[in-house]
Amino acid sequence: MINTRADEASTSCPSTPGQLTLLRLLVNELTDMGLEDVTMDEHGYVMGTIPATSTKRVPVIGFIAHVDTSPEMPGHDVHPIVHEKYDGRDLVLPDDPSIVLSTADDPVLAAHIGHDIVTASGLTLLGADDKAGVAEIMAAAEHLITHTEIPHGTIRVGFTPDEEIGRGANHFDVGRFGAVCAYTIDGGSAGELEWESFSADAMTITFKGFNTHPGYAKDRMVNSIKLAADFIARLPVDRLSPETTANYEGYVHPYVVDASVEKTIVKLLIRDFSSEGLEQKESLVEQIAREIVGDRSRASVEIRIAESYRNMREILEGYPDVVEYAREAIRRSGLTPVEKPIRGGTDGSRLSFMGLPTPNLFAGEQNFHSRLEWVSVQDMDNAVDTIINVCRVWEERS
């Protein structure tokens with residue numbers, strides 16, 4: 001499999017060459033399939049058109065998936081394994097027997113007994129996030145191209161880089177995409193429909209101290225590592241962290257520390273479902289950081305906040321049909337819609353605020369960003385059916 005792991009340290013777009021390799025392959029496949037206006041721009045964004053088969057004036061809609069995989073886990077030399085007709089026993093992944101998928105630990109897996117389960121071999125992630133979504137859009141596109149008896153309007157498809165490092169919408173040309181709305185195919189179990197997400201900011205706290213020879217440091221040295229350690233220790237341990245929150249609860253998450261005596265940088269993710277909640281958490285973090293430094297001589301702190309994305313619900317509430325047509329499509333696929341907030345963000349979070357209302361549909365991904373990642377073939381088939389049914393519903397109700 002092509003290694004499409006994103007790289008936050010890279011300044012290019014795509015951030016890694018493997019993404020460009022896959023995107024070029026998608027251009028060739030879409031062209032061979034018969035899509036029109038297949039393009040890849042200078043940033044690697046791929047778009048194509050499935051021509052309308054309906055005589056009605058149907059709004060143009062789109063489907064989007066990202067080709068990159070998480071930088072948190074290895075993405076090279078991925079060896080997929082298909083466990084056919086899964087019988088409920090533990091799945092011991094062969095390249096690292098300590099990596100075991102078990103129904104006792106994973107109730108979602110227990111609900112998929114009888115399915116064909118795809119995993120990696122234990123050393124890498126699988127890449128279902130979001131190559132499952134890519135595959136599903138490609139399969140749906142091929143079906144629509146070859147079954148012109150299915151009535152639908154003009155359909156746009158798009159494949160993007162670098163979603164996993166928060167840049168997936170950076171160079172997305174909404175005007176060129178030319179759709180009234182889109183659906184990202186980048187979610188979990190069959191039936192899931194997500195149209196609200198975290199609002200997110202990134203905070204960077206830089207503690208500055210004073211370094212001198214440790215043998216002569218009395219009453220002179222200020223160790224910024226210790227300032228940062230004290231700061232992290234004062235963050236709430238029983239609340240406001242990823243490991244203590246669920247549902248609509250937000251969190252403060254220190255995830256990178258770059259430390260030296262003279263200067264230590266702590267990067268934090270701030271998440272909430274409202275802008276007010278974000279501001280409250282950021283105020284708490286700033287208060288703790290400034291209290292740590294206090295009035296110490298030779299010590300200081302700098303605080304920087306960067307907006308990441310906002311809750312897509314703020315936009316999608318103004319486009320109820322976009323969500324309702326997805327619900328109906330899920331029902332027509334024989335599933336019950338499962339609506340819950342995304343405890344994270346997708347390209348759709350930013351695209352919605354860029355003028356392209358974009359809720360998220362399931363792709364079958366499970367345990368993403370992990371060596372325990374898996375996907376059900378049957379859930380992927382359901383995703384393909386749902387994409388096709390979304391196209392049908394939009395045509396019927398136009």
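Annotations for the structure displayed:
- The numbered conditions (1) open to solvent by less than 20 Å² (accessible area, probe 1.4 Å); (2) assigned to a helix (DSSP H, G or I) are all true for Leu284 except (1).
- The condition (being modelled with pLDDT of 95 or more and not aromatic (Phe, Trp, Tyr)) is satisfied by just one residue among Asp272, Asp295: Asp272.
- Helices (runs of 4 or more DSSP H) completely within the range 309-387 that count 1 or more residues being of a type in the set (S, T, N, Q) and closer than 18 Å to Thr160 by Cα: 347-353
- Residues being outside any loop (DSSP other than H, G, I, E, B) and open to solvent by less than 50 Å² (accessible area, probe 1.4 Å) - total across the range 70-99: 3
- Residue among Glu142, Glu149 that alone is surrounded by fewer than 19 Cβ atoms within 10 Å (Cβ to Cβ), assigned to a helix (DSSP H, G or I) and out of contact with any Leu (no Cβ under 6 Å at 6 or more places or on another chain): Glu142
- Complete set of residues in the range 1-60 that are in a helix (DSSP H, G or I) and β-branched (Val, Ile, Thr): Thr21, Val27, Thr31
- Filter pass, Val301 being β-branched (Val, Ile, Thr), part of a loop (DSSP other than H, G, I, E, B), farther than 30 Å from Pro74 by Cβ and open to solvent by 10 Å² or more (accessible area, probe 1.4 Å): no
- For the residues Asp77, Asp95, Asp87, the requirement of being in contact (Cβ under 8 Å) with a residue 40 or more places away in the chain and not small (Gly, Ala, Ser) singles out Asp77.
- Scan of the range 21-38 for residues that are touching a residue at least 40 places away in the same chain (Cβ under 8 Å) and either open to solvent by 70 Å² or more (accessible area, probe 1.4 Å) or touching a Gly at 6+ places or on another chain (Cβ under 9 Å) (or both), ordered by number: Leu23, Leu26, Glu29, Leu30, Met33, Leu35
- Residue within the range 357-379 that is in contact with a strand residue (DSSP E or B) (Cβ under 8 Å, 6 or more places away or on another chain), open to solvent by 10 Å² or more (accessible area, probe 1.4 Å) and within 24 Å of Ile155 (Cα to Cα) present: no
For every residue, the table says whether it meets (1) among the acidic types (Asp, Glu); (2) crowded, with 16+ Cβ neighbours inside 10 Å; (3) in contact with a strand residue (DSSP E or B) (Cβ under 8 Å, 6 or more places away or on another chain).
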site	(1), (2), (3)
Asn247	no, no, no
Val256	no, no, yes
Lys267	no, yes, yes
Ser275	no, no, yes
Leu278	no, yes, yes
Ile292	no, yes, yes
Asp295	yes, no, no
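- Of all residues in the range 39-69, none satisfies the criterion of being open to solvent by 10 Å² or more (accessible area, probe 1.4 Å), small (Gly, Ala, Ser) and in contact with a Leu (Cβ under 9 Å, 6 or more places away or on another chain).
The values are calculated or read from the model by the stated rules, or taken from the named source; none is laboratory data. Note that the coordinates shown come from a computational prediction; the quantities given were computed from them, not determined experimentally. Backbone-built Cβ (ideal geometry, glycine too); neighbour counts: all protein chains shown. We work out accessible area using only protein heavy atoms, side chains counted, and drop any ligands, DNA or RNA first. Shrake-Rupley method; radii C 1.70, N 1.55, O 1.52, S 1.80 Å.
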